[in-house]
Every structure is written in structure tokens, then in C-alpha cells.
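Here is the structure we will look at, set down as C-alpha cells.
The values are calculated or read from the model by the stated rules, or taken from the named source; none is laboratory data. This structure is a prediction, so every number in the text was calculated from the model and none was measured. Neighbour counts are summed over all protein chains in view; Cβ atoms, including those assigned to glycine, are modelled from backbone coordinates with ideal geometry.
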């Protein structure tokens, strides 16, 4: 028996055909399948890019890692550049949000700097392939990305870090430096130390975070030896 359809009027008064329950279920199933493949290809590409870098990776390798055909990969993403940019944007937004939440729960510039760094370490070690992509990109971490969404995330992060440092300087907690320049130095230090920890096989998040926080505070604080920062619960 053929699937039944319903008619209704839209806001213009024109009659249009409504999908049957069977058709709607099939459409939802297709959408779910497409999302599943997209997520699988996203994760597989992140792994391949992390191991071989953007230039060294191929769509064939991404398809093989995902266990799908090359046709399925191209049905989900138009090209390698599209996958790469989505990975950087999605992970970048998630990392920025993790740091923002950690700082919101902290009191004062010193604790905000410390808890933000700990949040970055946790996120980076949980997404080691994403950090490996950064390492293999051959792009300076002090250089603003050129791509729209990723560039905006970079700007937001730099502005937030510079504002935090400026507040600490105004309160007499941090050495007087140019905030934007110092923010670049701190971001580079964070990424270098965490990348080194990943490449050396470290998995103790708290140990890596403790070392990073100690170095950051010694770099920016006037009296780092007198500072005690609580760990987030």
C-alpha cells in the first residue's frame, strides 16, 4: 500500500504536500546516517592529520582510516581543506569554551591564569591529535591564522588573555609588559610545553599542568614564590 501524504496550507494560503510518517522516518534515518559518517570521517581525518600533517595526508588515507569509500568521504566533505578547517574550528571553539569556563570559576587574575592553563592542558591531552596538527602545521603560534572562523577564535583568545594580563598589571600582581605581546609569549609557552608532553608520551594531566602553571607564574608574577593557587575541584 503506498505511503499516504497530507496536504496543508502555508502562510501564503497555498496548499503543499506534507510528508507521511514513513517518509519522515526515512528522512531522519538518512540524516542520522549522514551525521554518523561525517563524525567518523572528522575523527579519522584528525588522526591522519595529526600523524602526517595537512600536506602529507591524502583523502585516500582518511577514507582508509574511517573504513569507508572515497566517495563517502567526498559526500561528507568537498575536500581535504574543508575537513581540516572544520577540525580546527570545532576543536578551537571547544578549547576556548573550556578555558573560559575555568576562568569564570576562578577569583582574580592569578587564579584565572592558572585555571585557564590547567583547562588548556586537560583539553589538549584529551585531543592529542589536534595538538599534533598544530605541531606539524609549520606555522608560527605567534602568527594570526588567515581563515575566517579560526582567525576569529584566535582574536578572541588573544583579547581575553591580554585583558587578563592587563588587569593583573593594574593590580600590581604582574610585571609591567605590553599585554598583547606577553599574551603571545604565554600562548606559545603553553603550546610548546603541552606538545612536548604529548610527544614524550606523558599522560599525567596534573603533572603537566603543575609544571606549566609554575612556569607561567614565574614569568609574569612579581612574587611567584609567595603565590598559592588552588586546583579546580
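Here is how the numbers come out for the structure above:
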item	result
Any hit, the stretch 142-149, residues being under 18 Å from residue 88 (Cβ atoms), modelled with pLDDT under 95 and not in a loop (DSSP other than H, G, I, E, B)	yes
Some residue of the stretch 53-69 being assigned by TED's automatic domain parsing to the domain that holds residue 129, more than 25 Å from residue 149 (Cβ to Cβ) and assigned to a helix (DSSP H, G or I)	no
Condition check for residue 168: touching a strand residue (DSSP E or B) at 6+ places or on another chain (Cβ under 7 Å), part of a helix (DSSP H, G or I) and over 22 Å from residue 56 (Cα atoms)	yes
Residues of the stretch 174-209 classified as within 14 Å of residue 113 (Cβ to Cβ), surrounded by fewer than 19 Cβ atoms within 10 Å (Cβ to Cβ) and more than 20 Å from the chain's Cα centre (by Cα), total	2
Selection within the stretch 62-76 - surrounded by fewer than 18 Cβ atoms within 10 Å (Cβ to Cβ) and on the phi < 0 side of the Ramachandran plot	64, 68, 69, 70, 71, 72, 74, 75
Pair list, Cβ under 8 Å, 6 or more apart: the stretch 77-90 residue crowded, with 16+ Cβ neighbours inside 10 Å, other residue assigned to a loop (DSSP other than H, G, I, E, B)	80/57; 80/58; 83/77; 85/147; 86/77; 88/145; 88/147
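This table checks each residue for (1) outside any helix (DSSP H, G or I); (2) closer than 25 Å to residue 53 by Cα; (3) modelled with pLDDT of 95 or more; (4) in contact with a helix residue (DSSP H, G or I) (Cβ under 7 Å, 6 or more places away or on another chain).
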{"site": "72", "(1), (2), (3), (4)": "no, yes, yes, yes"}
{"site": "81", "(1), (2), (3), (4)": "no, yes, no, no"}
{"site": "88", "(1), (2), (3), (4)": "no, yes, no, yes"}
{"site": "103", "(1), (2), (3), (4)": "no, no, yes, yes"}
{"site": "106", "(1), (2), (3), (4)": "yes, no, no, yes"}
{"site": "116", "(1), (2), (3), (4)": "no, no, yes, yes"}
{"site": "120", "(1), (2), (3), (4)": "no, yes, yes, yes"}
{"site": "123", "(1), (2), (3), (4)": "no, yes, yes, yes"}
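Conditions (1) modelled with pLDDT under 90; (2) surrounded by 15 or more Cβ atoms within 10 Å (Cβ to Cβ), marked per residue:
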position: 23; (1), (2): yes, no
position: 32; (1), (2): yes, no
position: 35; (1), (2): no, no
position: 40; (1), (2): no, yes
position: 44; (1), (2): no, yes
position: 48; (1), (2): no, yes
position: 52; (1), (2): no, yes
position: 55; (1), (2): no, no
position: 59; (1), (2): no, yes
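Okay, residues lined up against (1) under 30 Å from residue 207 (Cβ atoms); (2) crowded, with 20+ Cβ neighbours inside 10 Å; (3) within 13 Å of the chain's Cα centre (by Cα); (4) not assigned by TED's automatic domain parsing to the domain that holds residue 182:
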position	(1), (2), (3), (4)
98	yes, no, yes, no
110	yes, yes, no, no
130	yes, yes, yes, no
133	yes, yes, yes, no
